[in-house]
Amino acid sequence: MKSELVTPAHLARRAVVYIRQSTPAQVVSNQESLRLQYALTGRARNLGWHAADVDVIDADLGQSGASLIGRDGFKDLAARVGLGEIGIVLSIDVTRLARNCSDWYPLLDVCALRGCLIADRDGVYDPGSANGRLLLGLKGSISELELHTIRSRLTAGLLAKAQRGDLALTLPVGLVRLPGDVVVLDPDEGVRGRLGLVFSRFARLRSAAAIMRDLAARGLDLPRRDRHGDLRWTRPTISAVTGILKNPAYAGAFVYGRKRMKSRDELACPDGKPQKTPRTMEDWRIVVKDRYPAYIPWRTYQANQDILVDNRAEYMARKTRGTPREGELLLQGIAYCARCGHKMFVRYKGGGQYVCNHLRTQQGLPECQTVRAAAIDAAVGRAFLAAVAPAEIDALSRAHNLRKDVSTTARTAILQQIERKRYQAALAQRQYDKVDPDNRLVAAELERRWEAALIELREAEAEASNTLPASDAVLDRALRDKVVSLAGRLPALWDDPATGDARRKALLRCLVEKAVLERGTHDVVNVRLVWVGGAVSELAVPRRVNGIDDLAHGTQMRSRIFELAGQGLTDNVIAAQLTREGHRSPSCPERVLPTTVQGVRLGAGIKITRQRTRWPLEPGRLGVTALAERLGIPPKWLYVQIRQGRITIDRRANGAYLFDDTPHTIEALRNLCSRAVECIDLRAHQHDTEGHRHG
């Protein structure tokens, strides 16, 4: 039936039938609605258009009309209307064109500008007329309200079901939903054992990447579900391990609303498709605990999430500590500046330093403070060892028990994997035995599958023979005695290079939450250790300074040097006395060096007539300096000859070289100086001290 609104000007242009279904499921199930929409081509012919002038746009099948995202067909329609190519747009209902007024009214404006009609099953409308725009506007508003009403009803029902924990969400591998919505553990013992191994290894390794490497080294796969929901075993990846550790269903909790849709302002491209981003645990919408059978307690799950967050090295954004890494600086990730409160970075250039450069990177100001790490790490290490000394034996016993449990779990997992591959090989054999021998195409394929399963089984058995851990016996009395004998060895294990820097840092973090550093105005770095649990320890760590005036008691030390030097004491004696009195050198935090005393004394113009030699003399013996003065040669020349092997002489336990004060020794050295001999032997057992010419 024709309409009076259709004019020859409209018929000169093309007619377009717009077809859309909201979801792919509706495309498959609502076939009658699709037939009615495609039948609109006949409606266009009844209005006067030829069949060749009628186009169908069905590119938006399976796309929601709530927004323009992903609706390429609607965008193409609006563009063609704007170009004046279309005389009428036909749709079964205005809801097919748009479900919101922000998309509907711009289309009406373009149609009114270009003189394009809009038709639905109720009639033909002219958007350029007042009545037509009114009716179309009302229909668009009702369509938007209808979408809101439908969504509100569905959401209310969904949330009500989620509040009870009855919403049938997709379960992770390891949990199975039975008829009647009863959730139980997976009956596959291999799946349960592998998930239990992941959680037990994380309790010890405390890193998803470390678990991935450990499983790969043992040749163990992880159970996962494909997009069809079927179980499959794949090689472990960090994302797979992290997905297991982060899923609250393994802690027995039903959680709804773990993710949210990103707004257009958060998207890199405003016209892009909606994206989901995870919420923090505090922002989860609904949490129902003890809804599923649990692999781990809820408290353990929360502790695991804290470890995963802390492992992320986002120093500026989250102030986390990061995973313990290789590198000798012990406080990596847990050092804080006492002046500005920000985290301090590690710098290995220049001997290892802790640097607070937050103000420099963020505001262009100078670095807050820089402290050398060697003395601080040594002091913190001593404090840690002192703290764990009372519990050392108990810790060693627990470590043995934990290793025994992990070894047993790993052995079970490997044996279960071999059993699974053996079943797959037997299944492939049974399938091959049942096939008709005359059906060669099928028989050849089944034979190939059987051979592949046998190869996988042999490889798994061979790998298990190399990696299968030996069974641990029960901790008997002899082994307990051995553990007791290890008491006091923790410092040696701590200093052992085989322990590794990353392991030392991981051990330290078991007790130390953070270390706050303050470089004092003098020669001390104040370290405040915050232990796990809230206890605080204060450490004063001596540091190197540039000069004696930078020492806290430098003025008193200088006056004391002048006093002792005025008494005629030597530099060695003065240095020993000052060390006993609690003083130190600028470059040596442990004691006062004789060179420091000498520098202060000579700077003040104080001279001592006779200085003691470095080595105590013996009757009838000459030191290197005294012998060089008698021969009239530099002392260094004698050391060079000894080092090059031209002078053979015994060295005392204190490191001194003492020569016999005899004419034979003097004559032999004079011959060596004049190159009359090539070498001489002045050892105590050598009675003949004359040189022997070689060559």
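Quick note: the coordinates plus some simple rules give every number you see, no bench work behind them. Given the structure is predicted, the values throughout are model-derived calculations rather than measurements. Ideal geometry is used to build each Cβ from the backbone, glycine not excepted, and the neighbour counts take in all protein chains shown.
Specify the angular offset, from 0 to 90 degrees and rounded to the nearest 10, of the alpha carbon long axis of helix 663-673 from the longest principal axis of the alpha carbons in the chain. Roughly 50 degrees, rounded to the nearest 10. Once you have a ≥ b ≥ c as the square roots of the Cα gyration tensor eigenvalues for segment 70-214, tell me rounded if a/c is under 1.5, and otherwise prolate or oblate according to whether a/b is larger than b/c. Prolate.
Sparse packing (at most 15 other Cβ atoms within 10 Å of the Cβ) combined with a DSSP loop state is found for the following trypsin sites (Lys or Arg not before Pro) in segment 92-178: 121, 164. Beta-bridge orientation, the chain: approximately 75 percent antiparallel, per DSSP, counting only bridges with both partners inside. Under a model in which nothing but the beta-carbon of Lys, Arg (+1) and Asp, Glu (-1) is charged, the chain shows a dipole of about 1180 debye around its Cα centre. With θ taken as phi - 60° and the Karplus curve 6.51 cos²θ - 1.76 cosθ + 1.60 applied, the whole-hertz 3J(HN,Hα) list for segment 575-589 is 4, 5, 5, 5, 5, 5, 7, x, 7, 8, 8, x, 9, 9, x Hz, x standing for glycine and proline.
With neighbours defined as other Cβ atoms within 10 Å of a residue's Cβ, the residues 600, 388 order from fewest to most as 388, 600.
With the gyration tensor restricted to C-alpha atoms of segment 621-681, the semi-axes of the equivalent ellipsoid amount to 16, 13, 11 Å, longest first. Taking 25 Å as the limit for the C-alpha separation, the pairs 276/343; 289/505; 161/246; 259/505; 349/636 exceed it in the case of 276/343; 289/505; 259/505; 349/636. Summarising the strand pairing of segment 8-161, around 20 percent of its internal DSSP beta bridges are antiparallel.
Here the ratio of the Cα radius of gyration of the chain to 2.2 N^0.38 Å is 1.62. When you work out D = kT/(6 pi eta Rh) for segment 8-161 at 20 °C and 1.002 mPa s, using the Kirkwood radius from C-alpha pairs as Rh and the Stokes-Einstein form, the result is 134 µm²/s. Near residue 323, the amide H atoms lying under 5 Å from its own belong to 313; only residues 5 or more places off or on other chains count, and H is placed 1.01 Å from N.
Our coupling estimate for segment 296-303, obtained by passing each phi through the Karplus curve with A = 6.51, B = -1.76, C = 1.60 and θ = phi - 60°, is 9, x, 5, 5, 5, 4, 5, 5 Hz, Gly and Pro reported as x. Helical runs assigned H by DSSP (4 residues or longer) give the chain a calculated mean residue ellipticity at 222 nm of -14500 deg cm²/dmol, each run adding -39500 (n - 2.57) before division by the residue total. The local environment of residue 45, defined by Cβ-Cβ distances under 14 Å, has a net charge of +1 under the rule Lys, Arg +1 and Asp, Glu -1. Look at where the Cα atoms of segment 549-608 and of segment 159-226 average out, and the two centres are 69 Å apart.
Under the simplified labelling scheme, the residue 261-residue 422 pair shows an inter-label distance of 5.3 nm, with each label point 7 Å from Cα along Cα→Cβ. Two-decimal Rg/Rh of segment 548-603 from alpha-carbon positions, Kirkwood Rh? Rounded to two decimals, Rg over Rh is 0.90. For segment 495-591, a Kirkwood hydrodynamic radius built from all Cα pairs, placed in the Stokes-Einstein relation at 10 °C and 1.306 mPa s, yields a translational diffusion coefficient of 98 µm²/s. Extension gain, residue 159 to residue 558: 0.36 nm times the residue separation minus the Cα-Cα distance gives 135.7 nm. The residue among 124, 69, 31 whose Cα reaches farthest toward the positive pole of the charge dipole of the chain, with charges on the beta-carbon of Lys, Arg, Asp and Glu, is 69. Choose one of 12, 233, 492: the residue whose Cα lies farthest towards the positive end of the charge dipole of the chain (beta-carbon charges +1 Lys, Arg; -1 Asp, Glu; about the Cα centre). So the residue we want is 492. Taking only the alpha carbons of segment 173-311, we obtain Rg and Dmax values of 16.4, 48 Å in that order. Fewest-first ordering of 557, 261 by other beta carbons within 10 Å of each residue's beta carbon gives 261, 557.
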